[in-house]
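Working notes, structure below.
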Number of protein chains: 2
Amino acid sequence: MYPQFRSPCPVASALDLVGDKWSLVVLRTIFAGRHRYNELADITEKISTNILADRLARLEEYGLITKRAYQHNPERFEYHLTERGADFLPVLQQLAIWAREHIPDRWSLPGWFAEGTARQFYPEPGTEGAALNPRAG
Amino acid sequence: MYPQFRSPCPVASALDLVGDKWSLVVLRTIFAGRHRYNELADITEKISTNILADRLARLEEYGLITKRAYQHNPERFEYHLTERGADFLPVLQQLAIWAREHIPDRWSLPGWFAEGTARQFYPEPGTEGAALNPRAG
DNA sequence: CCTATCAACTTTCATATTGCAAGTGACTTC
DNA sequence: GAAGTCACTTGCAATATGAAAGTTGATAGG
């Protein structure tokens, strides 16, 4: 499930999972309510599809997201955050706060992101968590 | 000073600066009180020296650290956090909290890291901020 | 039927980044 | 003056990333 870690340092280990150019951008996009492959591919940052497919597979392997079919014939999939993935929200929030403070002309942070909590993005197993989607209203 | 950004998204932009395998590990090491090249090279994660030199140059270019001589003949340098770099502490703290919760057998977080504030790691210009070094006691 | 389209990838190949090892130059110590 | 230390730099192989085109399974239209 996990790769070989460089060391037992928590910071280095987290980066062994998501410390590349695209993983956290993909995660951000899922937080933003985009769950299907084409929605994840069609972002302003222009990720190429081989990279997207690879990152989705890795994030799933590391337990940050789940892949589940939402229809059959043909099978189509949606990618959702696990609890483990939703718990990444504070990391993204702090990254965004840093960037807003120190890089000029960045987008402002939407309320659902700035004030959101991890729990809001992780539908409890067996419930209709999607009804509580904080990006909907 | 800054590279070309993929988009104005704060998360993506922050990753354009430090979204690689080593930048945040180098920053972590400086937070831990190691300021000289050989101290930064001699870490458990085994960074190679060309990568270290390149990351130090980039972190300096992006204004996260400063390089200053602490002696002449031969000239030797120390790398210190700027305010901008010290402000990365919450990002590292959240990354570490995530890793401690979700990856087994990681190092526990030292108090100076877990309870530290950015201000403690950025010596005010013209003062002896090093006297307040939170890792000293 | 035949062509077209869409979704979700996969493949190919060129370019960029990373990693290892060895080398360099200024100075210090034996 | 030979050897060692420090702070890099260079060369080159291995790995990762990026752009574009191809593939597969299905529905839709003429």
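None of the figures in this text is laboratory data; all of them are computed from the coordinates on show. Because the structure is a prediction, the values reported are computed rather than measured. In this analysis, Cβ positions are derived from the backbone assuming ideal geometry, glycine residues included, and neighbour counts consider all displayed protein chains.
By the rule of a C-alpha distance below 16 Å, with chain neighbours fewer than 8 residues away ignored, the lysines paired with B:K46 are B:K21. Closest approach of any chain B Cβ to the axis that rotates B onto A belongs to B:Q94, 3, distance given in whole Å.
Highest GNM mean-square fluctuation among B:A12, B:A53, B:A41, for chain B modelled with Cα contacts below 10 Å: B:A12. The base-10 log of I(q)/I(0) for the protein assembly as shown, evaluated at q = 0.16, 0.17 Å⁻¹, reads -1.31, -1.46 [Debye formula, identical scatterers on Cα atoms, solvent excluded].
The sum of -39500 (n - 2.57) across all DSSP H runs of n ≥ 4, divided by the residue count of the protein assembly as shown, sets its helix-only mean residue ellipticity at 222 nm to -11500 deg cm²/dmol.
Summarised as an ellipsoid, chain B has semi-axes of 22, 20, 16 Å, derived from the eigenvalues of the Cα gyration tensor scaled by 5 and square-rooted, with the largest first.
The residue among B:H35, B:N73, B:A114 whose Cα reaches farthest toward the positive pole of the charge dipole of region B:10-124, with charges on the beta-carbon of Lys, Arg, Asp and Glu, is B:N73. Under conditions of 4 °C and 1.567 mPa s, region A:1-77 yields 96 µm² s⁻¹ as its translational diffusion coefficient, taking Rh as the Kirkwood radius over Cα pairs in the Stokes-Einstein equation. Within the listed set B:T117, B:T44, B:T29, the residue fluctuating most in the Gaussian network model of chain B (springs between alpha-carbon atoms under 10 angstrom) is B:T44. With label points set 7 Å from Cα along Cα→Cβ, the inter-copy distances at B:A114 are 3.0 nm, sorted shortest first. Of the residues B:F5, B:T44, B:P123, the one whose Cα sits farthest towards the positive end of the charge dipole of chain B is B:T44 (charges of +1 on Lys and Arg Cβ, -1 on Asp and Glu Cβ, taken about the Cα centre). Position A:E61: other-copy label points at 3.1 nm, ordered by increasing distance, label point 7 Å along Cα→C-beta.
As a length-normalised measure over Cα pairs under 8 Å and 6 or more apart, the relative contact order of chain B settles at 18 percent.
About its Cα centre, how strong a charge dipole does the protein assembly as shown have in debye, to the nearest 20, once Lys and Arg get +1 and Asp and Glu get -1 at the Cβ? Computed charge dipole of the protein assembly as shown: roughly 220 debye. Test of understanding: in a Gaussian network model of chain B with alpha carbons linked when under 10 Å, which of B:L95, B:L81, B:L17 would top the mean-square fluctuation ranking? The residue that fluctuates most here is B:L95. Rounded to the nearest 20, the size of the Cβ-charge dipole of chain A about its Cα centre is 160 debye, with Lys and Arg at +1 and Asp and Glu at -1.
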